[in-house]
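Please read the structure below before turning to the comments.
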């Protein structure tokens, strides 16, 4: 199924399922009432919390949905699949992104001074950039701001303290059930579904605060900085998440392309590692980190207010957001 959270012009967010080539949405609560004679399927989170039984009930509701339980996608606003999710962690899974980003950070740092060429030469005398050894030993992640989540076609507001804002092409998983100490083998059974994630980053701020060795803060955490969507594709629809083409476009021009096949750490690794002595709950989100070639920094190209960012992941769709200047 392709689950969404949608909102009519006047009304509260509702759970839906995309049908007819993603052109129409079945209102799952209305379909459930018609099919089963009572309330249910009120939110995408409640379906995740209900497990396989709730998901099967949603499928049956879609099959039995009356005509008046269907709305045109063009007539409603899509929110993030879960807005907000109960918890968010974003991980580092793509080696190529790190290699290229570290090289570009040097250039960006040098650009801040009065003599960029001299500054870059000074930095490069220290040797070539290297990926931290810890990346190869264990998954690395940070907890993101779930309240900064927005949906497709919502506007990203440029944080007023940053001069270099960047997009990051990612996808990720929503957890299906309560899980603690999950073994790596078979850990994909704990995945409820997949969506696209744009981990917007204030690069100049991020570069400064990472010197504190505590992880990103205002480089990542600002209102509207976590676009997700356009839908949640249930795990059964993507049996192999490690063979998906990923494309980033700005104003219709392709800026970068990668593949989920290049993940150094897989979702099984993330689930197993993060759940060590810590329970993961239904609806929690784990991001993949940025695919290689999946951000402007890697290409030393930078977005500006008014740009439209489109992130596409095969079998999921396109997440589209316009960047606007801070008021």
Exercise for review: Please specify each residue of region 1-50 satisfying the condition of being under 25 Å from residue 238 (Cα atoms), outside any strand (DSSP E or B), in contact with a strand residue (DSSP E or B) (Cβ under 8 Å, 6 or more places away or on another chain) and touching a residue at least 60 places away in the same chain (Cβ under 8 Å).
Suggested key: 1, 22, 44, 48
Review point. Does region 57-71 include one or more residues that are in contact (Cβ under 8 Å) with a residue 12 or more places away in the chain, under 17 Å from residue 283 (Cα atoms) and in a helix (DSSP H, G or I)?
Key: yes
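Yes/no per residue for (1) in contact with a strand residue (DSSP E or B) (Cβ under 7 Å, 6 or more places away or on another chain); (2) closer than 16 Å to residue 244 by Cβ; (3) in contact (Cβ under 8 Å) with a residue 24 or more places away in the chain; (4) surrounded by fewer than 18 Cβ atoms within 10 Å (Cβ to Cβ):
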{"residue": "270", "(1), (2), (3), (4)": "yes, no, yes, no"}
{"residue": "278", "(1), (2), (3), (4)": "no, no, yes, yes"}
{"residue": "284", "(1), (2), (3), (4)": "yes, no, yes, no"}
{"residue": "289", "(1), (2), (3), (4)": "yes, yes, yes, no"}
{"residue": "294", "(1), (2), (3), (4)": "yes, yes, yes, no"}
{"residue": "303", "(1), (2), (3), (4)": "yes, no, yes, no"}
{"residue": "308", "(1), (2), (3), (4)": "yes, no, yes, yes"}
{"residue": "311", "(1), (2), (3), (4)": "yes, yes, yes, no"}
Check your understanding: Does region 83-93 include one or more residues that are modelled with pLDDT under 95 and under 26 Å from residue 189 (Cα atoms)?
Key -> yes
Review point. Within region 105-125, is even one residue at pLDDT 80 or above and crowded, with 21+ Cβ neighbours inside 10 Å?
Key: no
Review point. Yes or no: residue 163 within 20 Å of residue 84 (Cβ to Cβ) and touching a helix residue (DSSP H, G or I) at 6+ places or on another chain (Cβ under 7 Å)?
Key: no
Review point. Could we say that residue 315 is surrounded by fewer than 22 Cβ atoms within 10 Å (Cβ to Cβ) and in a loop (DSSP other than H, G, I, E, B) here?
Key: yes
Check your understanding: Could you say whether any residue in region 252-264 is in contact with a helix residue (DSSP H, G or I) (Cβ under 6 Å, 6 or more places away or on another chain), more than 30 Å from residue 18 (Cβ to Cβ) and surrounded by fewer than 19 Cβ atoms within 10 Å (Cβ to Cβ)?
Key -> yes
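Rundown of residues vs (1) within 23 Å of residue 178 (Cα to Cα); (2) modelled with pLDDT of 95 or more; (3) in a loop (DSSP other than H, G, I, E, B); (4) assigned by TED's automatic domain parsing to the domain that holds residue 143, yes/no style:
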position	(1), (2), (3), (4)
231	yes, yes, no, yes
236	yes, yes, no, yes
249	no, yes, no, yes
271	yes, yes, no, yes
293	no, yes, yes, yes
306	no, yes, yes, yes
311	no, yes, no, yes
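The values are calculated or read from the model by the stated rules, or taken from the named source; none is laboratory data. Source: prediction; values computed, not measured. Note: ideal-geometry Cβ built from the backbone for every residue, glycine included; neighbour counts use all protein chains shown.
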